[in-house]
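Heads up, the thing below is written out as structure tokens.
The values are calculated or read from the model by the stated rules, or taken from the named source; none is laboratory data. Keep in mind that what you see is a predicted model, and the values were worked out from it rather than measured. Cβ: placed from backbone, ideal geometry, glycine included. Neighbour counts: every protein chain shown. Just so you know, the surface numbers come from the protein's heavy atoms only, side chains and all, with ligands and any DNA or RNA stripped out. Shrake-Rupley method; radii C 1.70, N 1.55, O 1.52, S 1.80 Å.
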Amino acid sequence: MTIQIETSPVKVRRLDRAARGSWDAFVRSSPSASFFHLSAWQDLIEEFQRHETFFLMAERGDKVVGVLPLAEVRSRLFGHSLCSLPFCVYGGVASEDPEAVMALESAADALAQRLGVAHLEYRNQLGRHQDWPRQDLYVTFRKTLEATEEGNMAAIPRKQRAMVRKGIKNELVAHRDDDVDRFFSVYSDNVRRHGTPALAKRWFAGLQDAFGTDCEVLTVTTAAGSPLSSVISFYFRDEILPYYAGDLPAARDLAANDFKYWSLMQRALERDCKVFDYGRSKVGTGPYAFKKNWGFEPAPLGYEYRLYKRKDIPQNNPMNPKYRAFIALWQRLPLAVANRLGPMIVRNLG
């Protein structure tokens with residue numbers, strides 16, 4: 001006798017507030033989900049960046065089997081797109097159910113065409129579609145931490161280990177800050193010097209409010225208390241992800257940046273983290289080389305695109321030669337002016 005088991009069909013709907021608990025419970029348990037799939041990003045992107053979001057949830061009966069966070073970005077400068085997810089390095093569909101993956105991608109395609117976007121972007125960690133156009137500019141750096149402080153120090157290549165010890169010798173101090181004041185002062189100065197618009201200070205305060213202890217600020221100072229370098233990190237499951245960072249010119253000679261990431265590794269052990277995610281970098285840049293110097297190996301990110309009203313994938317990044325004049329101009333702006341204008345520009349970049 002053959003017993004047939006009925007499988008409930010997959011249905012896709014837009015996330016509402018009542019379902020956020022179920023959404024986040026799925027995200028925290030799904031191997032393919034990331035910190036950037038959490039539902040709090042919906043309010044953050046809508047409130048602070050003023051982009052409409054479409055967080056799609058796949059269900060079998062009353063069980064969540066897949067999620068796809070999306071946001072629509074309309075920009076006269078950079079075009080009209082649907083992205084999973086702007087302001088995040090990871091995104092795309094999170095699901096282990098092939099039918100749910102297909103249903104979510106089909107719903108996203110229909111939504112993109114209804115909105116009339118030029119392209120749809122999935123910021124996957126691993127690509128799903130070999131025949132889709134891909135962005136090969138970005139890589140990620142992830143590594144399993146050793147179980148002890150001594151083991152992590154020994155795992156750092158010799159030259160980089162010397163820089164960490166230089167920071168220790170200089171009696172630098174790592175502080176966990178309760179607010180984003182010192183971080184923003186360091187970060188905004190850093191990005192202006194590199195010719196990049198800064199996000200608004202209230203965006204970072206919003207991250208702290210939304211994620212609580214899973215969003216932590218660490219600031220490195222001299223022994224006398226002068227800030228040198230700062231970073232905002234996210235914690236998700238057993239991972240730490242340093243995400244926004246900056247340092248002042250004086251940090252270089254004192255090895256404050258090196259000391260900062262060593263301090264983060266120590267903090268990760270305190271919080272029982274197993275994986276250090278150094279985040280996204282552009283191939284061939286200074287941050288790319290810096291992370292390799294720590295013994296991390298780059299892994300390509302599977303960013304994939306569906307093109308509707310354009311022939312090529314967008315290159316809205318500082319590596320694009322057409323932005324060189326803008327970068328040079330931005331570097332000459334007074335910091336106060338750059339901080340006022342920056343959020344209006346960067347919100348359209350995502």
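Mean-square fluctuation check for the chain, GNM, Cα pairs under 10 Å: which of M163, M265, M57 is largest?
For the chain, modelled as a Gaussian network with Cα springs under 10 Å, the answer is M163.
Using the eigenvalues of the Cα gyration tensor, what equivalent ellipsoid semi-axes result for the range 141-298 when each is taken as the square root of five times the eigenvalue, whole Å, largest first?
22, 19, 16
Would you mind telling me which residue in K201, K311, K166 has the biggest mean-square fluctuation in a Gaussian network model of the chain, where springs connect alpha carbons within a distance under 10 angstrom?
K311
Rank by packing, highest mean first: peptides 38-47, 17-26, with packing defined as the count of other Cβ atoms within 10 Å averaged across residues.
Working: 38-47: 19.1, 17-26: 14.8.
In descending order of packing, they fall as 38-47, 17-26.
May I ask you to give the solvent-accessible area per residue for the chain, in square angstrom, as obtained with a 1.4 angstrom probe?
48 Å²
State the percentage of accessible surface on the chain attributable to carbon and sulfur atoms; use a 1.4 Å probe and exclude ligands, DNA and RNA.
Carbon-and-sulfur percentage of accessible area, whole number: 51.
Over the chain, what is the relative contact order in percent, taking alpha-carbon pairs closer than 8 angstrom and at least six residues apart?
21 percent
Over the range 29-165, consider all pairs of different Cα atoms and compute the Kirkwood hydrodynamic radius from their mean reciprocal separation; express it in Å, one decimal.
17.2 Å
What percent does the relative contact order of the range 215-257 come to when contacts are Cα pairs within less than 8 Å and at least six residues apart?
It comes to 33 percent, rounded to a whole number.
Counting each DSSP H run of 4 or more residues in the chain as -39500 (n - 2.57), what helix-only mean residue ellipticity at 222 nm follows after dividing by all residues, to the nearest 500 deg cm²/dmol?
-11000 deg cm²/dmol
Please give the charge dipole size of the range 141-298, origin at the Cα centre, charges +1 on K and R Cβ atoms and -1 on D and E Cβ atoms. Round to the nearest 20 debye. If you can, show how the numbers build up before the last one.
Numbers: 24 positive and 21 negative charges, 159 e Å.
Result for the range 141-298 is approximately 760 debye, rounded to the nearest 20.
Dividing the convex hull volume of the alpha carbon atoms of the chain by its residue count, what do you get in Å³ per residue?
Looking at the chain, the number lands at 159 Å³ per residue.
Report the one residue of A103, P334, A251 whose Cα lies farthest in the direction of the positive end of the charge dipole of the chain (charges on C-beta: Lys and Arg +1, Asp and Glu -1; origin at the Cα centre).
Checking the options against the dipole of the chain, the answer is P334.
Excluding E46 itself, what net charge comes from residues whose Cβ is under 12 Å from its Cβ, given Lys and Arg +1 and Asp and Glu -1?
Once all neighbours under 12 Å are counted, the net charge is -2.
As I understand it, the dipole of the range 175-286 uses +1 on the Cβ of Lys and Arg and -1 on the Cβ of Asp and Glu, about the Cα centre. Which of G206, G286, V220 lies farthest toward its positive end?
The one lying farthest along the dipole's positive direction is G286.
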